[in-house]
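Structure first, commentary second.
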Amino acid sequence: MASSSSSSDPSSSSWKKWLLGILFTVILPAAGHKGGLLLGLKGKIDQAIETVEHVTEVVEEIAEEAEKIVEEVEEKLPGDSKLKEALESFEVLAKMAVKEAKKAEDIVHKVKDVEAEIEEALIKGDKNQAKK
């Protein structure tokens, strides 16, 4: 199969679009409200992030187990078997799923980091305004 570079891989671009959508619909409008909206939605954002993180972990676990099963079954089949060829295709798909799940997990961690930075900046901004 072709290499899955993040710029040409349609599934990774969908994750990028998803994150940009969150940024444009939640974070940017919140900037105009001095953090009030963002802080009010923080619980919902955290819940969504946790859900995505959990789903990616489950997908990764399932794909890794599928890889193991395929390898075990492949060892028991003759080399020229059509079933073995089909299993090899499935194994490639399972490996791709693991890769994508890890990418998604990385994105979730980056979003958490950005969220923490924004929250810290908003708190500092509120403290600076309170001093004035």
Item to check | Subset of LYS68/LYS110; LYS16/LYS95; LYS17/LYS76; LYS76/LYS110; LYS44/LYS102 violating a 32 Å alpha-carbon distance limit | outcome: LYS17/LYS76; LYS76/LYS110
Next on the checklist: Among 77-84, 98-105, 57-64, how do they line up by average Cβ neighbours within 10 Å per residue, starting with the highest?
Outcome noted: 98-105, 57-64, 77-84
Next on the checklist: Testing the spin-label approximation: label points 7 Å from Cα along Cα→Cβ at GLU75 and LEU20. State their distance in nm.
Outcome noted: 4.6
Item to check | Virtual spin-label span in nm between GLU50 and VAL114, 7 Å along Cα→Cβ | outcome: 2.1
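Bear in mind these aren't lab numbers, they're just calculated from the coordinates by the rules spelled out. A quick note: this is a predicted structure, and the numbers were derived from the prediction, not measured. Glycine gets a Cβ as well: all are built from the backbone with ideal geometry, and neighbour counts include every protein chain shown.
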